[in-house]
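The values are calculated or read from the model by the stated rules, or taken from the named source; none is laboratory data. Model, not experiment: these values are computed from the prediction. Reconstructed Cβ throughout: ideal geometry from the backbone, glycine too, with neighbour counts over all protein chains shown. The area values use the complete protein model at the heavy-atom level, side chains included, leaving out ligands, DNA and RNA. Shrake-Rupley method; radii C 1.70, N 1.55, O 1.52, S 1.80 Å.
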Amino acid sequence: MKKTFIFAGVILAQVIFWTGCQSVPENIPEDLDARQLIQLGQDNYDTKHYMAAQKYFNTVLERFGDDPKHYIEAKYELGHLFLKQKKYRAAYNNFTEIQEIYENVPIGLPGAYKILCGIELAKIPQEKLDQFKASAQSHYDEPEADAQMIQAQKADSFQDEPQEAPVVQESPAANENSAEPESAPEEKAEEQPAEKSETGAETKSESAEETESAPAKEEKSQENLTPSVKKD
């Protein structure tokens, strides 16, 4: 008997599931406005066609998400749908996102949804809320922790890098002094031809004197050869 009830329950669940899948529209008319899509979603929610309702609410976000009013309304309906299905994490994310929008853009938004989000969040079990809040806080702290870790890694890499010896730049005066010894051989080379030229001049002057004294010697020798004539 128990097996029969279990079998009937399984069949009923499958029928409901397939009925819900078949009711999901494949193509939603493009001429429907945001209000009509929201109404279709609510109608399917009331008949427990949750997948079809979710389809209509998501279509509002896709087509009219640039309008804050339509965006908030569709997000609230999705959160209410997830809460009905006990999908607490998804419901929490939708409701808290709406609250953040009201904190950043408080002007020009319908105030009813801010209050309704607070009421819907109170329906989530407290232990789940604490868990979601803790995980959200750790998510916000991750970027700061990552930044600190990156800075620590950079500091370690700077310490591990070998320090290069400082490059000493020589002054122009030092460069001139270092270049002087190279020019010394050139000066010596210049001095040597000068000395040679002086010695050459001396040898030329001596040879000139010798050439000039040669005729004088010949004249003296000739004078010595001529006989001297005695006068009576």
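Some observations on this one:
- Residues within the stretch 36-68 that are farther than 26 Å from K86 by Cα and either of a type in the set (F, W, Y) or open to solvent by 80 Å² or more (accessible area, probe 1.4 Å) (or both), tallied: 3
- Comparison of I119, I115, I124, I72 shows that the only residue that is part of a helix (DSSP H, G or I), touching a helix residue (DSSP H, G or I) at 6+ places or on another chain (Cβ under 6 Å) and of a type in the set (V, I, T) is I72.
- Tally of residues being touching a Ser or Thr at 6+ places or on another chain (Cβ under 8 Å) and touching a residue at least 40 places away in the same chain (Cβ under 8 Å) across the stretch 42-68: 0
- Residue tally, condition open to solvent by 20 Å² or more (accessible area, probe 1.4 Å), among the hydrophobic types (A, V, I, L, M, F, W, C) and touching a residue at least 40 places away in the same chain (Cβ under 8 Å), over the stretch 69-82: 0
- Residues in the stretch 90-130 that are open to solvent by 50 Å² or more (accessible area, probe 1.4 Å) and either in contact with a His (Cβ under 8 Å, 6 or more places away or on another chain) or among the polar types (S, T, N, Q) (or both): 4 in all.
- Answer from A53, A13 - the residue that is out of contact with any Pro (no Cβ under 6 Å at 6 or more places or on another chain) and modelled with pLDDT of 95 or more: A53
- Inter-residue pairs, beta-carbon under 8 Å, first free of Cβ contacts under 8 Å to residues at least 60 places away in the same chain and in the stretch 110-130, second charged (D, E, K, R) and open to solvent by less than 40 Å² (accessible area, probe 1.4 Å), 6+ apart: P110/E73; Y113/E73
- Taking residues in the stretch 19-41 that are closer than 10 Å to V60 by Cβ and at pLDDT 85 or above, and partners anywhere that are among the β-branched types (V, I, T) and open to solvent by 70 Å² or more (accessible area, probe 1.4 Å), not one pair has Cβ atoms closer than 8 Å while being at least 6 places apart or on different chains.
- Residues of the stretch 103-112 that are part of a helix (DSSP H, G or I) and over 16 Å from G79 (Cα atoms): E103, N104.
- Filtered residues of the stretch 80-96 (kept if over 19 Å from D130 (Cβ atoms) and in a helix (DSSP H, G or I)): H80, L81, K84
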